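A.B. asks: I'd like to ask some things about the structure below.
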Amino acid sequence: MSAESTPEPGIPEAGTKGPGRRSRGRRRKAPGKGRRALLVTAWTAAGILVLGGTGVGYLYFKLNGNLKTVDINQALGTDRPTKVDNGSENILVLGSDSRSGSNKKLGGGVDDGSARSDTAMIIHVYKGHKKAAVVSIPRDTLIDRPSCTDAQGTTHSAATGVMFNSAYSTGGAACAVKTVESVTGIRMDHYLEVDFSGFQKLVDELGGVEVTTTKAIDDRESHLDLKAGTHTLNGKQALGLVRTRHGVGDGSDLGRIQLQQAFVKALIDQVKQVGVFTSPKKLYDLADTATKTVTTDSDIGSVNSLIGFANGLKSISSKNMHMVTMPVEYDPANPNRVIVAEAKAKLVWKALKNDAPIPASATKGTATGQAKGVVTS
């Protein structure tokens, strides 16, 4: 991302055309989220931009310089699924887990110089932009990764029976998008990526996210210790919640996805309750952090484009989001891995292609993580 930006005195009020949108953060106490709930971060970051992106030239150039983009279209070329022109949009949201820099002390683990996509969600925004379906892809899913060319022009060979999150560590955003399109047969219209250190800072600046845990969660690996009850999570706690897998359920990535999805809904609910900020400096600080936190495809890689993108999402509440996990089964050869339940997954992809609701039969009887209901909003 670009160099750090420090708010300067006398920043003009973001009023001229702007805040017709709802602001993001009624400050509760301190929020929670994590690299894995990138959907949340992306949604939040985009929404913050809507607050003050218009009418202030200085802010526009400053924030525009923060954004990092990847030209997915150029990297992937024409060998992609055809765009279905039915008014819907498909967005791939990834959370990267690099252990380098400020991420190392947050995530633990080994700094091997690489990054992986530990969270992957396909957001399908239905025609009219009033509702959405969210399909989480387990990082431990064994898939056939197609040959792909990364954003630097390097071609990576296809691979069989590898973990889904290896696509990102092999060839970055372009290969991750290529792999998702290969698995689903659906073209991704946009791409958003968030790393967990940026997410933690963002949710701390936003305020707090209130969740209720129906069971105690104690996971030393994710630095999380929550008693059963209602909590207002700060950024570090939120990060721990969306990272934990050993402290709840069956210890699987599928259980972690269930926690992530519950947290996403809690954060979106909070964002919907936010009033318009009265402090131009606070508004700037949030927008500054948001634009430093996300990486986007080049089509929405400017403040104005991101504002337009966020505008299309702001009417979608958590009640109008249907969140599922890609249908999978445990791998008979390795219980720590899952494989795609092909017949049921096809029902999901067919529904999204047709801009139709995902049928309940698509996920019935598939593998789950046994953490559903542990976190509620």
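The values are calculated or read from the model by the stated rules, or taken from the named source; none is laboratory data. Treat the numbers as computed from the prediction; the structure is a model and nothing was measured. As a convention, Cβ positions derive from the backbone with ideal geometry for all residues, glycine included, and neighbour counts pool all protein chains shown. These accessible areas exclude ligands, DNA and RNA; they are computed on the full protein's heavy atoms, side chains included. Shrake-Rupley method; radii C 1.70, N 1.55, O 1.52, S 1.80 Å.
A.B. asks: Select from segment 138-155 the residues that are open to solvent by 20 Å² or more (accessible area, probe 1.4 Å), of a type outside the set (A, V, I, L, M, F, W, C) and closer than 20 Å to Ile122 by Cβ and list them in ascending order.
C.D. replies: Arg139, Asp144, Arg145, Pro146
A.B. asks: Here's another thing I want to ask about it. Given the criteria small (Gly, Ala, Ser) and surrounded by fewer than 23 Cβ atoms within 10 Å (Cβ to Cβ), does Ala158 qualify?
C.D. replies: Spelling it out, Ala158 is indeed small (Gly, Ala, Ser) and surrounded by fewer than 23 Cβ atoms within 10 Å (Cβ to Cβ).
A.B. asks: Can you tell me which residues in segment 364-377 are surrounded by fewer than 21 Cβ atoms within 10 Å (Cβ to Cβ) and under 30 Å from Leu226 (Cα atoms)?
C.D. replies: Thr366, Ala367, Thr368, Gln370, Lys372, Gly373, Thr376, Ser377
A.B. asks: Of everything in segment 303-323, what is part of a helix (DSSP H, G or I) and either closer than 15 Å to Tyr126 by Cβ or at pLDDT 85 or above (or both)? Give them in sequence order.
C.D. replies: Matches in segment 303-323: Ser305, Ser318, Lys319, Asn320.
A.B. asks: Using the structure shown, decide if Thr291 is open to solvent by less than 60 Å² (accessible area, probe 1.4 Å), among the polar types (S, T, N, Q) and within 24 Å of Arg139 (Cβ to Cβ).
C.D. replies: For Thr291, the condition - open to solvent by less than 60 Å² (accessible area, probe 1.4 Å), among the polar types (S, T, N, Q) and within 24 Å of Arg139 (Cβ to Cβ) - is not met.
A.B. asks: Tell me, yes or no, whether segment 143-164 has at least one residue that is within 20 Å of Gln258 (Cα to Cα), outside any helix (DSSP H, G or I), at pLDDT 90 or above and of a type in the set (S, T, N, Q).
C.D. replies: No, the conditions are met nowhere in segment 143-164.
A.B. asks: How many residues, within segment 219-240, are closer than 17 Å to Lys372 by Cα and part of a strand (DSSP E or B)?
C.D. replies: Residues meeting the conditions: 3.
A.B. asks: Still on this model: Would you pick out the residues in segment 126-137 that are modelled with pLDDT under 95 and in contact with a Gly (Cβ under 9 Å, 6 or more places away or on another chain)?
C.D. replies: The answer is Gly128, His129.
A.B. asks: Ala356: under 21 Å from Lys83 (Cβ atoms), open to solvent by 10 Å² or more (accessible area, probe 1.4 Å) and part of a loop (DSSP other than H, G, I, E, B), yes or no?
C.D. replies: So Ala356 passes the test.
A.B. asks: Does Ile316 qualify as being touching a helix residue (DSSP H, G or I) at 6+ places or on another chain (Cβ under 7 Å) and on the phi < 0 side of the Ramachandran plot?
C.D. replies: no
A.B. asks: In the list Ile307, Ile300, which residue meets the criterion of being of a type in the set (Val, Ile, Thr) and touching a Phe, Trp or Tyr at 6+ places or on another chain (Cβ under 9 Å)?
C.D. replies: After ruling out the rest, the residue left standing is Ile300.
A.B. asks: Then there is this: Conditions: (1) in contact (Cβ under 8 Å) with a residue 12 or more places away in the chain; (2) over 21 Å from the mean Cα position of the chain (by Cα). Arg220 meets all but one. Number of the miss?
C.D. replies: (1)
A.B. asks: Going through segment 185-213 one residue at a time, which ones are part of a helix (DSSP H, G or I) and open to solvent by less than 10 Å² (accessible area, probe 1.4 Å)?
C.D. replies: Of everything in segment 185-213, those that are part of a helix (DSSP H, G or I) and open to solvent by less than 10 Å² (accessible area, probe 1.4 Å) turn out to be Phe196, Phe199, Leu202, Val203, Leu206.
A.B. asks: Please work out which residue is farthest from the chain's Cα centre (by Cα), limiting yourself to segment 312-333 and to residues that are more than 20 Å from Lys372 (Cβ to Cβ) and open to solvent by less than 50 Å² (accessible area, probe 1.4 Å).
C.D. replies: Here the residue is Asp331.
A.B. asks: Next up: What single numbered condition from (1) within 17 Å of Val183 (Cα to Cα); (2) open to solvent by less than 20 Å² (accessible area, probe 1.4 Å); (3) not charged (D, E, K, R) fails to hold for Ala132?
C.D. replies: (1)
A.B. asks: Determine which member of the set Val271, Val276 is modelled with pLDDT under 85, crowded, with 18+ Cβ neighbours inside 10 Å and more than 13 Å from Ala371 (Cβ to Cβ).
C.D. replies: Just one listed residue meets the conditions, Val271.
A.B. asks: Could you go through segment 214-230 and let me know if any residue there is over 30 Å from Ile72 (Cβ atoms), open to solvent by 20 Å² or more (accessible area, probe 1.4 Å) and touching a helix residue (DSSP H, G or I) at 6+ places or on another chain (Cβ under 6 Å).
C.D. replies: Within segment 214-230, one or more residues are over 30 Å from Ile72 (Cβ atoms), open to solvent by 20 Å² or more (accessible area, probe 1.4 Å) and touching a helix residue (DSSP H, G or I) at 6+ places or on another chain (Cβ under 6 Å).
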